[in-house]
Amino acid sequence: MKYCPECKRKYDDSTRFCVFDGQRLISAEEHDPFIGMVIDGKYRIDRKIARGGAGTVYQATHVQLRAPVAVKIIHPRLVSEPMAIERYRREALVTMKVRHTNAIAVMDFGVTPDQIVYVVTELLEGVTLEQRLRERVYLSPLEASNILRQVCAAISVAHENHIIHRDLKPENIFLHRLEGREIVKVMDFGIAKYKGAKEEDEEFKGLTQIGVIVGTPYYMSPEQCMGEEVDERSDVYSLGIVLYQMLTGELPFDADKVVAIVMKHRLEKPLPIYEVRPELPAVVNAVVMRALEKNPADRQQTVAELATELEAAVKAVTERELQSVFLNATEDDLEAAILLATDPSVGFLESPLKHKLFEPGSNDSLKPPDSETEDNPIQQQVDSLLIELKQLCKDMSMLLQLLIENLESNNIPNRSVFDEFKNSVDQMRGLLFAVQKTYYKTWM
């Protein structure tokens, strides 16, 4: 049995939406006192998303704006605990200071007259990094670098606002699906350390005392494990643990008891990632091991530095792999070699093959056999690609001219123009690669 959260009409299990108001139906078996309730006259609770130790997250709808949101409600049994309520309020305040695409957006916080405490955030669709690793075990260096880069972008903004996250782990990193893309979102700033010294920030200090150990032991830095003062480099260490897990599928330090994990963070050197997965390159291992140094002074000093180092290491490895694939592939294996290449338009033209493709006097070799024949399938394919290339060149020329005019007149170009031009560049690279792929056997 299902029912509509809007009009409360009941339906059988085979029906998905209410025929009167189009609302998604909710299973009556999932009995929850909050489902169907309107919180503070603004947010109608539609369905449960997840339940945690302190609260439950629901999908909800802003009744006035008809906009989907996520509402996190503190468990009723904790309402009598002032610190639990303060943690929610504090998390909302801290998160609102971290305004970035890769940080979850907080929209509202409130306590109703009947003591329902809630935080409203943007609604995310997808999985946590923890769930992704449970499905995949480990990720490629390129995937790990892409995720880490986005996490570091959000945490950099937090650090600029004197906020240390202190609980960075796969569970608090969400992979949000939006219009076919995957955007990383950092969540849960509930135990963040605020290092601001202004008088108006006094409200944070009672919850960030030195000597109190907070966090998840598997991902805590040595200084955090001992309840010592932490700074940005503590988050660098935590992200080093997350990176290690993304690349190997394992934690660098594991034990049955918390005290044993703490001691390993303090004293034990982690295994190199290539000893867990032999195919992982040493240059990537060097980045990970630096992030996991016991002394904060020996780590990357900022999360931005960590992201940059990893990106450079992965790029170096990828370019070497691409060169190896294209140089060693036989003619029969060419199609498989192309599929193995992560970004064929980068690295290939920097290989020795570029001299073979573009050496002086080689233009005649770019024509496939019998290209003048009307029935030549290669020529027909190229003609089609050329039409697309010509149109794309016109579009790019207009966009580039618009950018130049704005820059010369000291105007700030619209971001959509930049995005459109970048998309055009990506399309151009794809089309050029298609031409390259068509002619490859002729060039060889």
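The values are calculated or read from the model by the stated rules, or taken from the named source; none is laboratory data. Note that the coordinates shown come from a computational prediction; the quantities given were computed from them, not determined experimentally. All Cβ positions, even for glycine, are placed from backbone atoms using ideal geometry, and neighbour counts span all protein chains on display.
Yes/no per residue for (1) part of a loop (DSSP other than H, G, I, E, B); (2) outside the structural domain of Ala144 (by TED's automatic domain parsing); (3) over 24 Å from the mean Cα position of the chain (by Cα); (4) not hydrophobic (A, V, I, L, M, F, W, C):
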position	(1), (2), (3), (4)
Tyr218	no, no, no, yes
Glu223	no, no, yes, yes
Tyr237	no, no, no, yes
Tyr244	no, no, no, yes
Ala255	yes, no, yes, no
Original post:
Take the residues of region 278-294 that are modelled with pLDDT of 95 or more and in a loop (DSSP other than H, G, I, E, B): which is nearest to Cys225 (Cα to Cα)?
Top reply: Lys294
Original post:
Given the structure, is Leu142 aliphatic (A, V, I, L, M), modelled with pLDDT of 90 or more, surrounded by fewer than 17 Cβ atoms within 10 Å (Cβ to Cβ) and touching a helix residue (DSSP H, G or I) at 6+ places or on another chain (Cβ under 6 Å)?
Top reply: yes
Subject >> Yes/no for Thr61 being β-branched (Val, Ile, Thr), over 15 Å from Ile116 (Cβ atoms) and assigned to a helix (DSSP H, G or I) >> reply: no
Original post:
Any idea which of (1) modelled with pLDDT of 90 or more; (2) closer than 30 Å to Pro82 by Cβ is the one Gly240 doesn't satisfy?
Top reply: (2)
